[in-house]
Amino acid sequence: MVIFGAGASYDSSPTYPPGGTPPPPGMGDLSPYDDYYRPPLAKDLFADRPLFIQSLDQFPQCKSIVPRLRDPAVIRGQTSIETRLQEIEEEARTYHRGAQELAAVRCYLQSAISQCEMHWQATTRGITNYQTLLREIERTHIGDGPVCLVTFNYDTLLESALEQFGLRIGHMEHYTQNPSLFRIFKLHGSVNWGQEAEIHPPQNVNREHPPSVLRYMIENAAQLQVSDRFVLCERGRMGVVNNRPVFPAIAIPVERKRRFQCPRYMIEHLVEMLPLVTKIMIIGWRATEDNFLDLLGQHLRPGAYISIVAGNHSEAEKISARLDRALLTKPPSCSSERMGFTDFMRTRRAEQILAG
């Protein structure tokens, strides 16, 4: 099993790793070396980037909370953005505009990450560490058991990489029910997922115009009922699929998530697979999702080997401590790779772990 977090997409390009060579003179502000298009870490989800500003303009109902999410304490990592969004979610219980704010946040995240990923793919030309890792997994894999890929990212960089290995996602069921070596578990939703909404826009709303339907759902968020029916949706068409209203299937990053943002059968399949897992790679995931840690604690076999890929010693220690608490009755064997995704692949450490 490989578990991907935001750090994996942030450091997904071996050509343009974080902190790489500064742009040559004259490249301007939109150089591929800067952070305009780099997939953001959680703390930067509401950063003052041109692409993100465009998405905020589309969904202005969440602009009033943006200053709290750009607080210097959040940017420096002293306070997590999950904590701030948890506060806003709790305020929404009694604040009459709270439901609109949170609905707008989900729409904003879908739009901002979609635009960011589109430009990042163009910058990197699709050459990513995801592709290289999948190659090594396929090359070294022994036996006929599947490999589980668990991701908490909204982007589709992993799906794009999988296309090179014969797995094209054309329907929701293809994530976990396919003849490929890989099974994909996308637990916090995706920029190209929608959930059918139990709402009927009035005649004065153009039901064939996705942005109009999406705006109507935000304005009526307090009454909006979203079903458990997940569908694939073209990114620029979010709002309507097959003539039905759909809302972005994206989990707001809060501290205490009540549920996963994915089809129920995806979780059921994951629970079936966990007792078979003997080796886990964690790449760019901070291990802060309690509901997933609970699943590991309940279903992972004792003594599994876990390799933690984190950018520094402090972060690796925090991840290890969280895993130790979650797996108290079945302690794993852990190792820490104090490097990012690019160095993990460049040093060929990933190959050593896969072959071990």
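For Val271, the criteria (1) modelled with pLDDT of 95 or more; (2) touching an Asp or Glu at 6+ places or on another chain (Cβ under 7 Å) hold in every case but one, which is (2). Restricting attention to the stretch 190-213, the residues that are of a type outside the set (Phe, Trp, Tyr), surrounded by 20 or more Cβ atoms within 10 Å (Cβ to Cβ) and in a strand (DSSP E or B) total 6. Checking each residue of the stretch 268-282 against the condition of being over 21 Å from Asn153 (Cα atoms), assigned to a helix (DSSP H, G or I) and in contact with a Gly (Cβ under 7 Å, 6 or more places away or on another chain) gives at least one match. The set of residues from the stretch 75-88 being more than 17 Å from Phe52 (Cα to Cα) and buried (at least 18 other Cβ atoms within 10 Å of the Cβ) comprises Ser80, Glu82, Arg84, Leu85, Ile88. If you go through the stretch 109-163 and keep only what is part of a loop (DSSP other than H, G, I, E, B) and among the charged types (D, E, K, R), you end up with Arg125, Asp144, Asp155.
When Cys107 is tested against (1) touching a residue at least 40 places away in the same chain (Cβ under 8 Å); (2) farther than 19 Å from Ile53 by Cβ, only condition (2) is not met. Each residue in the stretch 217-270 was checked for being under 14 Å from Leu187 (Cβ atoms) and either loosely packed, with under 12 Cβ neighbours inside 10 Å or among the acidic types (Asp, Glu) (or both), and 4 pass. Listed by first and then second residue, the pairs linking a residue in the stretch 137-163 that is farther than 21 Å from Ala42 by Cβ to a residue that is part of a loop (DSSP other than H, G, I, E, B) and of a type in the set (S, T, N, Q), with Cβ atoms under 7 Å apart and 6 or more places separating them unless they lie on different chains, are Ala161/Thr128. Among the helices (runs of 4 or more DSSP H) confined to the stretch 6-79, the ones with at least 3 residues that are under 30 Å from Arg97 (Cβ atoms), modelled with pLDDT of 95 or more and not β-branched (Val, Ile, Thr) are located at 50-58, 66-69.
The values are calculated or read from the model by the stated rules, or taken from the named source; none is laboratory data. None of the values given here were measured: they were computed from a predicted structure. Cβ atoms come from the backbone with ideal geometry, glycine included; neighbour counts cover every protein chain shown.
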